[in-house]
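K.L.:
Please see the structure below; I have some questions.
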Amino acid sequence: MIAIACDHAGIDLKPAVLEVLQALDLPYRDYGTHTHDSVDYPVYGELAARAVASGECALGIIICGTGVGIGIAANKVHGVRCVTCSEPYSALMGREHNDANMLALGARVVGSELAKMIVRTFLTAAFNGERHARRVGQLMTLDEGGTLQR
Ligand code: RB5
């Protein structure tokens, strides 16, 4: 299950994201927003992030104007590693090296075809483990309020 959410600035990009999910035959849950009425992106970032953090959804894709604000909001939720991407390479590395479990997109930054490429890349990549697992473990130590050994 993939969690989807956006604010009013991200809503026009949502159909492109859903198109990729349908093409990959991946079920999704849409946490809104559903209209162009102005809303606060942290609310929608949190909704999708909690679905991912709880395990209800394996991955999440969230959209706002830049992908920045909603991505910051998602990353405040314990257990979430959200990457804001404007090109596929970062989306690939975000999965392979950082075990990112959420992708944030900026509807005012990327066009729908580029967004589809980024989403497809993110959803079909896998975590590489090995040395990256130690570093992701360090990210999670920070996430829990811990301090890293140098
Ligand atoms: C809304 O105007 C805009 O600020 C929001 O979508 C997002 O880009 C924030 O980071």
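The values are calculated or read from the model by the stated rules, or taken from the named source; none is laboratory data. None of the values given here were measured: they were computed from a predicted structure. Positions of Cβ are generated from backbone atoms using ideal geometry, with glycine treated the same way; all protein chains shown enter the neighbour counts. Ligands, DNA and RNA are excluded from the accessible area calculation, which covers all protein heavy atoms including side chains. Shrake-Rupley method; radii C 1.70, N 1.55, O 1.52, S 1.80 Å.
K.L.:
Which GluC sites (Glu not before Pro) in the range 64-142 pass both tests, a DSSP loop state and at most 15 other beta-carbon atoms within 10 Å?
P.N.:
The qualifying sites are Glu130.
K.L.:
So with the 1.4 Å probe, I'd like the accessible area per residue for the chain, rounded to whole Å².
P.N.:
50 Å²
K.L.:
Tally up the carbon and sulfur contribution to the accessible surface of the chain as a whole percent, 1.4 Å probe, everything protein left in place.
P.N.:
51 percent
K.L.:
Now a separate question. Would you please give the FRET efficiency between Ala126 and Asp25, computed as 1/(1 + (r/R0)^6) with r the Cβ-Cβ distance and R0 = 22 Å, to the nearest 0.05?
P.N.:
Values: r = 17 Å, r/R0 = 0.78.
Efficiency computed from Cβ-Cβ geometry: 0.80.
K.L.:
Let me ask something additional. Length gain on complete extension for the stretch Leu92 to Ile72, per 0.36 nm per residue less the alpha carbon to alpha carbon distance?
P.N.:
5.3 nm
K.L.:
For the chain, I need the span (max minus min coordinate) of the C-alpha atoms along each principal axis, in Å, sorted largest to smallest.
P.N.:
47, 28, 27
K.L.:
Further, regarding this structure: If amide hydrogens are placed 1.01 Å from N in the peptide plane, which non-local residues have theirs closer than 5 Å to the one on Gly60?
P.N.:
Amide H to amide H, under 5 Å and 5 or more residues apart or across chains, Gly60 pairs with Ala3, Met102, Leu103.
K.L.:
Related question: What is the set of long-range amide H partners of Ala107 at a cut-off below 5 Å, with H atoms built 1.01 Å from backbone N?
P.N.:
Cys64, Gly65, Thr66, Gly67
K.L.:
If you rank Met93, Met102, Met117 by how much accessible surface each has, with a 1.4 Å probe, what is the order from largest down? Let's see the in-between values first.
P.N.:
Working: Met93 40, Met102 0, Met117 110 Å².
Largest accessible area first, the residues go Met117, Met93, Met102.
K.L.:
Quick one: 3J(HN,Hα) in Hz for the range 99-108, Karplus 6.51/-1.76/1.60 with θ = phi - 60°, rounded, Gly and Pro as x.
P.N.:
6, 4, 10, 9, 10, 10, 10, x, 5, 8
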